[in-house]
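The values are calculated or read from the model by the stated rules, or taken from the named source; none is laboratory data. Note that the structure is a prediction, hence the values are computed from the model and not measured. Methodologically, a virtual Cβ is constructed for each residue, glycine included, from the backbone with ideal geometry; neighbour enumeration extends over all protein chains shown. For the accessible areas, the whole protein counts, side chains as well, though only heavy atoms, and no ligand, DNA or RNA atoms are used. Shrake-Rupley method; radii C 1.70, N 1.55, O 1.52, S 1.80 Å.
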Amino acid sequence: MGLASVRSVVATPIPGAAAGVAARGEGQPGDVILAIQSSDKLGGFADMTISGGGTWQPVDSLEGPNWAGTKISRKILTTAEPEQYTVTQTDANTYGTVIILVLKDADPAGILVVKRPGTVAPAATPVSASGLELRYGVGIVEGLASWAQLTGYEGLDVLSGVFITASLAGRPFASSSRMSALDLAPSPPIAEANSQAFTILVQSAGSAPGGGDIPTPPTFPAFTPTKGVARTSYTVHDFLTGELRGDIYPVDPTYDRRDGEAGGWSGFLPFASRRDADKIAEMIPRDPADLTSGPGRLVVHSWREGVPMGVHWIHTAEIAKSSRLGWGVQLQGTTLDGYMNSVSLEADVEFYDDQIQNARDLIAHMGLDPRSNPGFALQAGMSGLVRPLAAKQADTTTYGRVLRDYARAAGGFGYVINPTLVGGNLERRWAWGSPRLDFPDLQWTFTEARDGGEIIDWREVRSALQGGTRIGVIGGTPEQEDATQNSVAARSTLIETPHLAAGWPIIDLRINHPSASTDLTELERYAQRYAATAAGAPRVFSATVILGKHSDFDPNGIGGWVEFVMNNNWHIRTDAGGAFQMPAQRLIGWALTPAGRGNGKDRLQIITAQDTEAA
């Protein structure tokens, strides 16, 4: 099943009659038929009916204070479905409208209606991350009236006689994020007592409710090598609507995802012939003035054996001839949290709640403008830590930078965007964990042996230049009432790590707070976080492993735990003669290079954190 969508729509005026006929358009058995009926007659609400083709089920309704109002009904299209229906209203002095929609891939039990008097269609939150959004407005008028053309929506107006006017607009959605209220803007304006506005959300058939808590990650068995090469595929979609634009076949693609940081995507699209170039030009237009597609408007979905590995926003396309690869287009992209770094904070924000609710409110604030709404499904729940989030337009910052810096305090949180299949649709799920992403039941084991194993490369870096034995944070300069006084930047206390007592020299690490906060509590939290992760000579371990066709590795498993069993000249055997087993390490990122030129197997780089004790 795909996204719920309109197969056909027919609007019929019922001017000055007690009954009329409403036609329907094209449909297929199993489609959902939705009827929206409005009438102007005071006291005529009970007289409004629709019949024909079997039983109609009421969906919702709203009675007007001095006119009849609106009723919404539905039924399933059958093999013997009539092409028109009978509608009734009060008498020959009654004026009404009926709109018949035939919807494909729609769930008849998944129709949400939010309504109110006036001409502003109310805000609504979808019950799933896939469906059809409809905005309906109706009003009592004397004379001609028109409605605004809503940007990004397909719509129609219908006028019955000269006393009632209605407007319907719709578009698909692929997110469970809350949808904002929308002014339908009739001209001339219609008084609230004489108008009604509806937001109707139709869930796609087979889709499941989105958002909410992330399911408990499954327990995976220890990883063992497997044979075969996995099938990979890449689909390109419109960033805002999710509309499929086509398939691509990149050479030497590579992509990654990380905890609390933007990951990347790159791949080369060769065109050895004009036909190949024409296919690519459907997504990357030859003419830069063609705004229907191109870098900045597209995302790529990466799949491995049917499992979504990532959703990346394509921001750069380089059309060139390479001496190694020939003619082609080099694409580069970033994960969707990286897209947030491209949306400037253009208003002051202040949130005073649990830190996770503040983060959700910040993301929702960015999404108030539908043109900057990535459509995240936001994981619910609270961390138990209340601390303010404040940022100013004068900081010249972005939503992504504010979120990242806010998360990196002691007791803060980790987060990642996990592409998640829900009812056949790909949901962009914002997942969090506090004080870190931590799934102790999600574990993998990788091995290195003298005669084989999955690990083909590994690296451990320890650098005192990346850490310190005294750690502090420098903030911004507080405002002074007396301009003649010297201004001194706010500073946290210097935190001494246990290394000093163990005989290490002083190695100072002073970190500039990224948003130049002058809040001492915030600076202390930031310093404590760095003291816990950058003490002494911080250790960073990474390994590259081979993935077979049927790997159990979970691309949404950032926060899971990895064990490395090593047998080499550095990692000595145990007293019992077995291979050295490192303590489990928390996964904070990965990078995948699928099989291609120079490598016959998928190669996965595993990046782990310094902390080595599961919570």
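Take segment 1-20 and flag every residue that is open to solvent by 50 Å² or more (accessible area, probe 1.4 Å) and either touching a helix residue (DSSP H, G or I) at 6+ places or on another chain (Cβ under 8 Å) or of a type in the set (Val, Ile, Thr) (or both). Before you say what the answer is, go through the steps one by one.
So the first thing to find is which residues in segment 1-20 are open to solvent by 50 Å² or more (accessible area, probe 1.4 Å), and the list is 1, 3, 6-7, 9, 13, 15, 19.
Scanning segment 1-20 gives VAL6, VAL9.
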Reported set for segment 397-434 where residues are modelled with pLDDT under 90, part of a loop (DSSP other than H, G, I, E, B) and open to solvent by 40 Å² or more (accessible area, probe 1.4 Å) is ARG408, GLY424
Subset of segment 21-49, residues surrounded by fewer than 20 Cβ atoms within 10 Å (Cβ to Cβ) and assigned to a strand (DSSP E or B), comes to VAL21, ALA23, THR49
Among residues of segment 435-452 being open to solvent by less than 10 Å² (accessible area, probe 1.4 Å) and not aromatic (Phe, Trp, Tyr), the residue nearest to ARG529 (Cα to Cα) is LEU437
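Do the conditions hold for ALA380, that is, is it part of a loop (DSSP other than H, G, I, E, B), among the hydrophobic types (A, V, I, L, M, F, W, C) and over 15 Å from TYR526 (Cβ atoms)?
Working: part of a loop (DSSP other than H, G, I, E, B): yes; among the hydrophobic types (A, V, I, L, M, F, W, C): yes; over 15 Å from TYR526 (Cβ atoms): yes.
Here the answer is yes, as ALA380 does meet what is asked.
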A careful count of residues in segment 232-244 that are open to solvent by 40 Å² or more (accessible area, probe 1.4 Å) and within 15 Å of the chain's Cα centre (by Cα) gives 3
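Just the residues that are closer than 13 Å to GLN528 by Cα and open to solvent by less than 70 Å² (accessible area, probe 1.4 Å), please, taken from segment 495-510. Steps first, answer last, please.
Filtering segment 495-510 down to residues closer than 13 Å to GLN528 by Cα leaves 495-497, 509-510.
Those that are closer than 13 Å to GLN528 by Cα and open to solvent by less than 70 Å² (accessible area, probe 1.4 Å): ILE495, THR497, LEU509.
Any idea which residue in segment 244-279 is nearest to ALA595 (Cα to Cα), counting only those that are among the acidic types (Asp, Glu) and outside any strand (DSSP E or B)?
Within segment 244-279, the subset among the acidic types (Asp, Glu) is 247, 252, 256, 259, 261, 276, 278.
With the extra rule that they be outside any strand (DSSP E or B), the set shrinks to 259, 276, 278.
Numbers: ASP259: 25, ASP276: 22, ASP278: 26 Å.
My answer is ASP276.
Could you check segment 74-184 for strands (runs of 3 or more DSSP E) lying wholly inside it with 3 or more residues that are farther than 28 Å from ALA19 by Cβ? Full working, then the answer.
On the way: elements: 84-88, 95-104, 106-117, 131-140, 154-160, 164-173.
Output list reads 106-117, 131-140, 164-173.
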Among the residues of segment 515-566, the number that are without any contact (Cβ under 8 Å) to a residue 60 or more places away in the chain, open to solvent by 10 Å² or more (accessible area, probe 1.4 Å) and of a type in the set (A, V, I, L, M, F, W, C) is 1
Going through segment 314-329 in order, the residues found to be farther than 18 Å from ARG245 by Cα, surrounded by fewer than 18 Cβ atoms within 10 Å (Cβ to Cβ) and not acidic (Asp, Glu) are ILE319, ALA320, LYS321, SER322, SER323, ARG324, LEU325, GLY326, TRP327
Residue count, segment 386-396, condition in a loop (DSSP other than H, G, I, E, B) and open to solvent by less than 40 Å² (accessible area, probe 1.4 Å), comes to 1
In segment 387-429, residues that are more than 27 Å from ALA527 (Cβ to Cβ) and aromatic (Phe, Trp, Tyr) total 0
The one condition VAL236 fails out of (1) modelled with pLDDT under 90; (2) closer than 30 Å to VAL300 by Cα is (1)
The lone condition GLY69 fails out of (1) surrounded by fewer than 19 Cβ atoms within 10 Å (Cβ to Cβ); (2) on the phi > 0 side of the Ramachandran plot is (1)
message = Just checking, does segment 118-125 include any residue being at pLDDT 90 or above, open to solvent by 10 Å² or more (accessible area, probe 1.4 Å) and closer than 18 Å to VAL59 by Cα?
response = yes
Apart from one, (1) in contact with a helix residue (DSSP H, G or I) (Cβ under 9 Å, 6 or more places away or on another chain); (2) in a helix (DSSP H, G or I) all hold for ARG360; the odd one out is (1)
* Is it the case that some residue within segment 347-355 is within 22 Å of ASP259 (Cα to Cα) and open to solvent by less than 40 Å² (accessible area, probe 1.4 Å)? -> yes
How many residues of segment 245-265 are buried (at least 17 other Cβ atoms within 10 Å of the Cβ) and either over 30 Å from GLY412 (Cβ atoms) or aromatic (Phe, Trp, Tyr) (or both)? The answer is 6
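Out of LEU101, LEU77, which single residue is in contact (Cβ under 8 Å) with a residue 24 or more places away in the chain, within 24 Å of THR119 (Cβ to Cβ) and aliphatic (A, V, I, L, M)?
Details: LEU77 fails: within 24 Å of THR119 (Cβ to Cβ).
Among LEU101, LEU77, only LEU101 is in contact (Cβ under 8 Å) with a residue 24 or more places away in the chain, within 24 Å of THR119 (Cβ to Cβ) and aliphatic (A, V, I, L, M).
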